[in-house]
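I have a structure I would like to understand better, so I am pasting it below and will then ask my questions one at a time.
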Amino acid sequence: DLRPLDILSEAVPARGMRVFQVQGMRGFQLSASRPRALGFPASRLFIHCDRFPEEFSIIVTLRALRVPAKVSAAGGHGAGTARPAAESPSLPQRNEYIFTLMVEESPSVLVGLRYAPDKLHFLFWSQERVGGWQSRVTFPNVSLSDNQWHTLVLAVSGQSFSLTVDCSIPKDVVVETPFPASLSVRRASFYLGNRRRRKGVFTGLLRQLVLLPGADATPRICHAVNFKVATLSVPTVLQDVPAKPVSNEVLKYPYETDMKVTLGARPRCTKQEKAQFWFNASRRGLYLCNGSTWLSMLEVQHRLDYVEEYQNLVTNSETMGIEVFTIPKVGLFAAMANRVTPPGSAIYRWTDGKFVHYQNIPTYQAQSCKYFTIGKKIFLAVANFEQNERGQEFSVIYKWSRRKAKFITYQRITTHSARDWEAFVIEGEAFLAVVNHREGNNHNIDSVIYRWNPRTGLFETNQTIPTSGAYDWEFFTIGPYSFLAVANTFNGTSTKIYSHIYIWLSGSFQLFQSILTFGAADWEVFHIGDRVFLAVANSHSYDSGMPAPSNFYAINSSIYELNITAQMFVKFQDVLTYSALDWEFFSVGDDSFLVVANSFDGFTFSVNSIIYRWQGYEGFVAAHHLPTVGCRDWEAFHTAEGSYLFYSSAKEPLSKVLKLKTT
């Protein structure tokens, strides 16, 4: 129940502090010229007792600098950048202090925190021997110097020291020398970013520095989705909505931001571009990047009015899946997983506002395609369901040849009625997971996760996971954690089976949660604000040991939401669907949508697929009914001309591009 002691707030206002905004977050840059000016007496925090707590947590949010590249005066596309002085192209010092607590007449550090490349050191003065001596607890493999915001929680109790970085798995250290039970702070002062001298001054940005007596602060910090900037207490001037100045009060702190305005085509919007602006000259709109999406600032937001048929695309045969992707400096493409061989599956290129046939690739009742990159290499993986003419069963990874400007065969992998590929990266390593649906009549078989071997340039088996007639993999991340969800469809006797969500721990995927599904054919993960959702498409309800329902195919598909406190996905909403095979999430302006692929209602394949609009408290509400025939897959994509939906039919050789008309 002890209150947090905000060290950073207690130090401000002080000379030698400047406010900078980087990646949408504000922090203090500390001056090296007057280190004593960044200090204050410890008695201002320890009012009733002059002893440092025996058990405590220290919470720090900071942005440490790495060795930066040379800084240019202006970026491309007419972009100009104002950069903080802290980002000058000089090497960071070997050891930099985040804070120290020192007695005035002594050069020794009572308590302190400093970091070096890939290490973090916690310092304290031990009084077990006459005269005392400096003790140091080192946490190795802590990479902070990457120009990113990080939140650290250091929990101390006796001989146990625990460091949590961005709410990841804690690093625990037990030492012989315990933290002192009675450490006097009489005549001591806190110093921000230094040890009372110029050498070793912190060169990055400091946003939060809090001492929480008597508790491990990790549960109080690690409850938000954005772990890197989780807060317990932040000075008012650094908060996202700055305090309103009184009358004509001047700013107490020099203030700068790395604001950047980009012209031209829509640039990417990731955490790196957060708080940057983009001016769209064609629409005369100014947009702000929130870390994932461009938000309109000066343009009337577009709203979805209706959907119109834009292009009828006659395909090689029925199409089981679509993959829309962009090859840099080449263009926008759509790969179709076509059922019939020959001629195999087709790849189309967006030309003059339409998809035009570009290339055929040999496939064998292809089910899906997955585009991904590894470094500068560009790949397209195809899941084949049937054997080739020689009785061989394998799926194929194709590689983009820049010389031929075509996809060419790169690697064949043995699969068993493969339904889907999923590509992802964890801790800098590339992986590719295949869903094996069945082997002969046996649906209970292993699906496989492959790891890229950079030495051989091939994918190699890394892990197998038991699956039951599986249809789909879905990879996603939440904070520092990586997840992989599998849609299990049929175990040989029933479609009422559990699908599973796995979490990456200690170098492999381990079971995180099981969810009861009914012929699950697809998982779709999406974010709305800070909320994380996971939707499952249930295709049919069948159990050989139960009486037949009135309709196998008219069943609920479900939307789940991540409950941070419970650390699991809980059901948010049921939606009546008709043999649903796919969900696709997309946005128009500030509005969020889900479109479902309804394929069969028990009587006909001519079934309406439905667009649902996010209505907040009401959940997803049906907004548009789209006539489709055996709808198998939806893809949303955007071009300079507008936004589109692309659907494939598993029952006729015709796919359709629909244009989203906005107001």
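Looking at segment 258-267, can you tell me whether even one residue there is within 30 Å of Ser643 (Cβ to Cβ), loosely packed, with under 12 Cβ neighbours inside 10 Å and at pLDDT 65 or above?
Within segment 258-267, one or more residues are within 30 Å of Ser643 (Cβ to Cβ), loosely packed, with under 12 Cβ neighbours inside 10 Å and at pLDDT 65 or above.
More than 19 Å from Leu660 (Cβ to Cβ) and either open to solvent by less than 30 Å² (accessible area, probe 1.4 Å) or in the same structural domain as Glu318 (by the TED database) (or both), is that true of Gly602? Let's see the steps before the verdict.
Values: more than 19 Å from Leu660 (Cβ to Cβ): yes; either open to solvent by less than 30 Å² (accessible area, probe 1.4 Å) or in the same structural domain as Glu318 (by the TED database) (or both): yes.
So Gly602 fits the description; yes.
Moving on. Working carefully through the options Ser649, Ser557, find the one that is touching an Asp or Glu at 6+ places or on another chain (Cβ under 9 Å), hydroxyl-bearing (Ser, Thr, Tyr), in contact (Cβ under 8 Å) with a residue 60 or more places away in the chain and open to solvent by less than 20 Å² (accessible area, probe 1.4 Å).
Details: Ser557 fails: in contact (Cβ under 8 Å) with a residue 60 or more places away in the chain.
None of the others qualify; the one that does is Ser649.
Looking at (1) at pLDDT 65 or above; (2) basic (Lys, Arg); (3) not assigned by the TED database to the domain that holds Ala521, find the lone condition where Lys252 falls short.
For Lys252, the exception is condition (1).
Ok, one more. Could you run through segment 477-513 and say how many residues are hydroxyl-bearing (Ser, Thr, Tyr) and farther than 27 Å from Glu439 by Cβ?
To start, the set of residues in segment 477-513 that are hydroxyl-bearing (Ser, Thr, Tyr) comprises 477, 481-482, 489, 493-495, 498-499, 502, 506, 508.
Of the ones still in play, those that are also farther than 27 Å from Glu439 by Cβ are 477, 481-482, 506.
Number of matching residues: 4.
What single numbered condition from (1) of a type outside the set (Gly, Ala, Ser); (2) at pLDDT 90 or above; (3) under 14 Å from Val109 (Cα atoms) fails to hold for Val175?
Only one criterion is unmet by Val175, namely (3).
For segment 339-380, give me the residue count where each residue is closer than 20 Å to Ala636 by Cα, surrounded by 18 or more Cβ atoms within 10 Å (Cβ to Cβ), touching a residue at least 40 places away in the same chain (Cβ under 8 Å) and not β-branched (Val, Ile, Thr).
9
I'd like to check something: does segment 610-622 contain any residue that is charged (D, E, K, R), in contact with a strand residue (DSSP E or B) (Cβ under 6 Å, 6 or more places away or on another chain) and open to solvent by 10 Å² or more (accessible area, probe 1.4 Å)?
Scanning segment 610-622 turns up at least one residue that is charged (D, E, K, R), in contact with a strand residue (DSSP E or B) (Cβ under 6 Å, 6 or more places away or on another chain) and open to solvent by 10 Å² or more (accessible area, probe 1.4 Å).
Of all the residues that make up segment 355-399, how many are part of a loop (DSSP other than H, G, I, E, B) and either under 33 Å from the mean Cα position of the chain (by Cα) or closer than 17 Å to Gly321 by Cβ (or both)?
To start, the set of residues in segment 355-399 that are part of a loop (DSSP other than H, G, I, E, B) comprises 362-365, 375-376, 385-393.
Right, trim to either under 33 Å from the mean Cα position of the chain (by Cα) or closer than 17 Å to Gly321 by Cβ (or both) and you get 362-365, 375-376, 385-386.
Summing the residues that are part of a loop (DSSP other than H, G, I, E, B) and either under 33 Å from the mean Cα position of the chain (by Cα) or closer than 17 Å to Gly321 by Cβ (or both) in segment 355-399 gives 8.
Quickly run through segment 518-554 and pick out the residues that are of a type in the set (Gly, Ala, Ser) and open to solvent by less than 30 Å² (accessible area, probe 1.4 Å). Working first, answer last.
Within segment 518-554, the subset of a type in the set (Gly, Ala, Ser) is 519-521, 529, 535, 537, 539, 541, 544-545, 548, 550, 554.
Across segment 518-554, the qualifying residues are Gly519, Ala520, Ala521, Ala535, Ala537, Ser539.
Here's a check for you: in segment 1-47, which residue that is of a type in the set (D, E, K, R) and part of a loop (DSSP other than H, G, I, E, B) is most open to solvent (accessible area, probe 1.4 Å)? Steps first, please.
At the first step, the residues of segment 1-47 found to be of a type in the set (D, E, K, R) are 1, 3, 6, 10, 15, 18, 26, 34, 36, 44.
Those still in the list that are part of a loop (DSSP other than H, G, I, E, B) too: 1, 3, 15, 34.
Working: Asp1: 205, Arg3: 140, Arg15: 159, Arg34: 115 Å².
Filtering first and then ranking leaves Asp1.
Which of the residues that make up segment 309-351 are in a strand (DSSP E or B) and in contact with a Pro (Cβ under 9 Å, 6 or more places away or on another chain)?
Scanning segment 309-351 gives Val314, Thr319, Asn338, Ser345.
Return the pair list, or none, for Cβ contacts closer than 7 Å from residues in segment 513-539 that are within 20 Å of Glu422 (Cα to Cα) to residues that are polar (S, T, N, Q) and in a loop (DSSP other than H, G, I, E, B), at least 6 apart or on different chains.
Note: pairs meeting the criteria are Gly519/Thr489; Gly519/Thr495; Gly519/Ser539; Gly519/Ser541; Ala520/Asn488; Ala520/Thr489; Ala521/Thr489; Ala521/Ser539.
Strands (runs of 3 or more DSSP E) wholly in segment 503-559 with at least 3 residues that are under 24 Å from Gln463 (Cα atoms) and at pLDDT 95 or above - which ones?
On the way: elements: 508-518, 520-528, 531-538.
The qualifying strands (runs of 3 or more DSSP E) are 508-518, 520-528.
Any chance you could count how many residues in segment 430-457 are over 20 Å from His416 (Cβ atoms) and either exposed (fewer than 14 other Cβ atoms within 10 Å of the Cβ) or aliphatic (A, V, I, L, M) (or both)? Spell out how you get there, then give the answer.
We begin by selecting, within segment 430-457, every residue over 20 Å from His416 (Cβ atoms); these are 430, 452-457.
Then drop every residue that is not either exposed (fewer than 14 other Cβ atoms within 10 Å of the Cβ) or aliphatic (A, V, I, L, M) (or both), which leaves 430, 453-457.
Of the residues in segment 430-457, 6 are over 20 Å from His416 (Cβ atoms) and either exposed (fewer than 14 other Cβ atoms within 10 Å of the Cβ) or aliphatic (A, V, I, L, M) (or both).
Considering (1) assigned to a strand (DSSP E or B); (2) closer than 26 Å to Asp420 by Cβ, say which one Asp601 fails and leave the rest.
With respect to (1) assigned to a strand (DSSP E or B); (2) closer than 26 Å to Asp420 by Cβ, Asp601 is out only on (1).
Can you name the strands (runs of 3 or more DSSP E) wholly within segment 404-498 that have at least 1 residues being within 24 Å of the chain's Cα centre (by Cα)?
418-426, 429-436, 444-453, 458-468, 472-478, 481-487
Can you name the residue in segment 639-663 that is modelled with pLDDT under 95 and not charged (D, E, K, R) and, of all such residues, is farthest from the chain's Cα centre (by Cα)?
Our first condition is that a residue be modelled with pLDDT under 95; within segment 639-663, this holds for 639-642, 662-663.
Filter once more, keeping what is not charged (D, E, K, R): 639-640, 642, 662-663.
Numbers: Thr639: 24, Ala640: 26, Gly642: 26, Thr662: 29, Thr663: 31 Å.
Selected residue: Thr663.
In segment 226-235, which residue that is surrounded by fewer than 20 Cβ atoms within 10 Å (Cβ to Cβ) and over 14 Å from Gln21 (Cα atoms) is modelled with the highest pLDDT? Steps first, please.
Taking segment 226-235 first, the residues surrounded by fewer than 20 Cβ atoms within 10 Å (Cβ to Cβ) are 226, 228-229, 231-233.
Imposing the further condition that a residue be over 14 Å from Gln21 (Cα atoms) reduces the set to 226, 228, 231-233.
Working: Asn226: 61, Lys228: 60, Thr231: 76, Leu232: 82, Ser233: 86.
Ranking the qualifying residues of segment 226-235, first place goes to Ser233.
Still on this structure, please answer the following. Look at Ser499 and say whether it is in the same structural domain as Ala418 (by the TED database) and closer than 16 Å to Leu581 by Cα.
On the way: in the same structural domain as Ala418 (by the TED database): yes; closer than 16 Å to Leu581 by Cα: yes.
Yes; evaluated as a whole, the condition is true for this residue.
Let me ask another. Restricting to segment 387-407, name every residue that is open to solvent by 70 Å² or more (accessible area, probe 1.4 Å) and in contact (Cβ under 8 Å) with a residue 40 or more places away in the chain.
Listed by number, the list holds a single entry, Lys406.
Also: Residues that are farther than 17 Å from Ser57 by Cα, open to solvent by less than 40 Å² (accessible area, probe 1.4 Å) and in the same structural domain as Phe56 (by the TED database), at least 3 per element: which strands (runs of 3 or more DSSP E) completely within segment 124-213 meet that? Break it down into steps so the answer makes sense when it comes.
Numbers: elements: 133-140, 149-157, 160-165, 171-174, 188-192, 205-213.
Result: 188-192.
Within segment 610-632, can one find any residue that is assigned to a loop (DSSP other than H, G, I, E, B), touching a Gly at 6+ places or on another chain (Cβ under 8 Å), within 22 Å of Glu323 (Cβ to Cβ) and touching a residue at least 12 places away in the same chain (Cβ under 8 Å)?
Let us first name the residues in segment 610-632 that are assigned to a loop (DSSP other than H, G, I, E, B), namely 615, 619, 630.
Among the residues that remain, those that are also touching a Gly at 6+ places or on another chain (Cβ under 8 Å) are: none.
Taking every residue of segment 610-632 in turn, none turns out to be assigned to a loop (DSSP other than H, G, I, E, B), touching a Gly at 6+ places or on another chain (Cβ under 8 Å), within 22 Å of Glu323 (Cβ to Cβ) and touching a residue at least 12 places away in the same chain (Cβ under 8 Å).
The values are calculated or read from the model by the stated rules, or taken from the named source; none is laboratory data. All values reported here derive from a predicted model rather than from experimental measurement. Because the Cβ atoms are built from the backbone with ideal geometry, glycine has one as well, and the counts that use them run over all protein chains shown. Heavy atoms of the whole protein, side chains included, go into the accessibility calculation; ligands, DNA and RNA do not. Shrake-Rupley method; radii C 1.70, N 1.55, O 1.52, S 1.80 Å.
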